[in-house]
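This report refers to the structure that appears directly beneath it.
The values are calculated or read from the model by the stated rules, or taken from the named source; none is laboratory data. As the structure is a prediction and not an experimental result, all values here were calculated from the model. Backbone-built Cβ (ideal geometry, glycine too); neighbour counts: all protein chains shown.
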Ligand code: SAH
């Protein structure tokens, strides 16, 4: 870029942001420049009537969708021509000139052609929409990063990694984005706020979750900013109810307000050779395998296959499972289960075994290195011989984030391991927080570790 041969007889071009539409959000500098301008080139400003008060000549150079590149050359030439005529030029752009605004292209074109140019920042529509929806784009403990994203073409455009995403120019694609985000692992209950005509009296705000947006009948048309992230939920409820979820799958927890995922448990497969030989190489010593979780299924088969053994070796071995998610995982391997329980309740499975007279069987239960208390003991008590064999371990995630617990309304624990790891990671739990513990053993362990808080437990069994 050459900026050293600026022609002194030329006028100067200010590439200035108008803000999201409400002139109250103009900077004092842009306002002053509008006063002294000879000519103003402007886009489709949401409040173009405001320009009537300035004596400068006004030229509309708004771009219609699909004609961007051809028109940009024309705009560049117009700006250059006015500057060459010695005029003070304000090139007024919506929001901020450098956010999806092509202000830099105009700047370089002018300076390369010997014209003095300056960029004046403006309030970008994301910032204004965030204020309207009271959806802080960053928030301590909730969102430590934000990405401004091009909302065109939800199928092919790059999806950035950030706690909060803000889509510009995405009105027509917002449902598709919501679907894609869920497919890419965002929780279906992640809040969404769509804001149309941000900063103006006729602004409209819609709130959804990603899932609800996918199923919405109709959505706000352009100009619209779509904010996706925990801070986009209805702020009143969000501030009253902010949950810390310590389990591994946040989709299992539905609650009012916002739910922050802070997994205190991560499943790690043991090495393929760490498993005792009799488990994978002599499976036929077992009459039955009881799977207690989807991860147990995944790691069992992974280790089986890595040892060169496939499902045929299960032969006549009967399969039982704890919880429908475990049964669904087993189906992927072509296996039907009997008996199974609907919920993740060891007690229910033991009762089913007893009712069906399942006794005198050799049973394997693939589990974590922490093992189980109740299930093997219960199945043994009714007359079976049980081996609980570790195929994986439960570890504290290495990248776990420390949140400020005082900011939260409550904490959700889904397993004894998440309780145990939580207290390895956090020193203490503030006394006023609500506690949800899922399952008998989780509740018992929590009670044991935090003796004085008993009255507040909600037992989800
Ligand atoms: N430079 C501008 C963005 C231009 S791209 C800025 O910094 O804001 C145009 C997109 O901006 C629109 O499709 C819409 O997503 C967004 N936008 C602009 N003004 C808006 C407003 N008042 N309310 C909501 N969205 C707006």
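A few points about this structure:
- The residues listed here are 15, 6; of these, the one that is within 12 Å of the ligand (Cβ to nearest atom) and within 16 Å of residue 83 (Cβ to Cβ) is 15.
- Among the residues here, residue 221 qualifies as in a loop (DSSP other than H, G, I, E, B), within 16 Å of the ligand (Cβ to nearest atom), farther than 30 Å from residue 391 by Cα and modelled with pLDDT of 90 or more.
- Candidates 353, 372 - the one that is in contact with a strand residue (DSSP E or B) (Cβ under 9 Å, 6 or more places away or on another chain), in contact (Cβ under 8 Å) with a residue 24 or more places away in the chain, outside any helix (DSSP H, G or I) and within 25 Å of residue 276 (Cβ to Cβ): 372
- For the range 35-56, a tally of residues being under 14 Å from residue 12 (Cβ atoms) and in contact (Cβ under 8 Å) with a residue 40 or more places away in the chain returns 6.
- Qualifying position, being closer than 25 Å to residue 144 by Cα, more than 10 Å from the ligand (Cβ to nearest atom), modelled with pLDDT of 95 or more and in contact with a helix residue (DSSP H, G or I) (Cβ under 6 Å, 6 or more places away or on another chain), among 188, 193, 198: 193
- The residue of the range 112-129 that is surrounded by the most Cβ atoms within 10 Å (Cβ to Cβ), among those that are assigned to a helix (DSSP H, G or I) and out of contact with any strand residue (DSSP E or B) (no Cβ under 8 Å at 6 or more places or on another chain), is 127.
- Taken over the range 130-146, the criterion of being surrounded by fewer than 18 Cβ atoms within 10 Å (Cβ to Cβ) and at pLDDT 95 or above is satisfied by 131 alone.
- When restricted to residues that are surrounded by fewer than 19 Cβ atoms within 10 Å (Cβ to Cβ) and in a helix (DSSP H, G or I), the range 184-213 contains 2.
- Matching residues in the range 149-174 - criterion: being touching a helix residue (DSSP H, G or I) at 6+ places or on another chain (Cβ under 7 Å), surrounded by fewer than 18 Cβ atoms within 10 Å (Cβ to Cβ) and outside any loop (DSSP other than H, G, I, E, B): none
- Counted residues, the range 12-34 - those being without any contact (Cβ under 8 Å) to a residue 40 or more places away in the chain and within 18 Å of residue 55 (Cβ to Cβ): 3
- For the range 73-109, the set of residues classified as free of Cβ contacts under 8 Å to residues at least 40 places away in the same chain, farther than 20 Å from residue 48 by Cβ and either within 16 Å of the ligand (Cβ to nearest atom) or more than 41 Å from the chain's Cα centre (by Cα) (or both) consists of 77, 80, 81, 98, 104, 105, listed by residue number.
- Going through (1) out of contact with any helix residue (DSSP H, G or I) (no Cβ under 6 Å at 6 or more places or on another chain); (2) modelled with pLDDT under 85; (3) assigned to a helix (DSSP H, G or I) one by one, residue 418 falls short only on (2).
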